[in-house]
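Undergrad: Below is one structure. I have some questions about it.
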Amino acid sequence: MSDPIDGRHHGMHRIRRSGVLDGRDTRTWLGDKGHIGSDMITPFRKPREREQPRWRKDVNFHHNKIRVAVERVIAHLKTWRVLHTDYRRPPNTFPATITAVIGLYFYARSE
């Protein structure tokens with residue numbers, strides 16, 4: 001989670017602007033195709049008007065098999081009703097508040 005960013009931008013733009021990647025080595029992180037060019041491990045794009053070699057399909061399959069867990073978490077967060085309403089506290093308290101909410105959620109799930 002990061003601070004809210006105004007406007008419509010690609011996810012990689014938002015990540016860079018948030019500063020969450022500053023000073024971090026992302027070469028071992030798994031990203032989706034939207035992260036191509038970010039030094040993360042990403043799936044192969046299908047070449048135009050050609051088929052991918054079998055080995056690339058296999059790499060993409062295993063990559064996506066791991067990434068599906070991340071995508072499920074993102075989808076789950078989007079169902080939280082509290083995230084569909086305006087944030088009514090001072091904007092500078094948002095990072096601490098969302099961190100507390102996530103911590104409480106996982107604490108409740110662990111019991």
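Coordinate-derived values only; no laboratory data. Quick caveat: nothing in here was measured; it's all calculated off a predicted structure. FYI the Cβ positions are ideal-geometry reconstructions off the backbone, even for glycines, and counts take in every protein chain you see.
Undergrad: Would you please state which residues of the stretch 37-67 a label at Phe106 would reach in this model, taking the label point 7 Å out along Cα→Cβ and a backbone N cut-off of under 19 Å?
TA: 66-67
Undergrad: What is the total of Lys pairs in the chain with C-alpha atoms under 15 Å apart, excluding same-chain pairs fewer than 8 positions apart?
TA: Final tally of qualifying lysine pairs is 5.
Undergrad: With N denoting the number of residues in the chain, provide Rg(C-alpha) divided by 2.2 N^0.38 Å, to two decimal places.
TA: Dividing the Cα Rg of the chain by 2.2 N^0.38 Å gives 1.32.
Undergrad: A follow-up question, please. Divide by every residue of the chain the summed helix terms, -39500 (n - 2.57) for each DSSP H run of at least 4, and state the resulting mean residue ellipticity at 222 nm, rounded to the nearest 500 deg cm²/dmol.
TA: Mean residue ellipticity, 222 nm, calculated: -15000 deg cm²/dmol.
Undergrad: Now, a different point. Once phi is turned into ³J(HN,Hα) by the Karplus curve 6.51 cos²θ - 1.76 cosθ + 1.60 with θ = phi - 60°, what whole-Hz value does each residue of the stretch 100-108 show in order, with x for glycine and proline?
TA: Couplings: 5, 4, 4, x, 5, 4, 6, 5, 5 Hz.
Undergrad: May I pose another question? Report the residues of the stretch 68-100 in range of a label on Thr26: point 7 Å along Cα→C-beta, backbone N strictly under 12 Å from it.
TA: No residue qualifies, since no backbone N sits under 12 Å from the label point.
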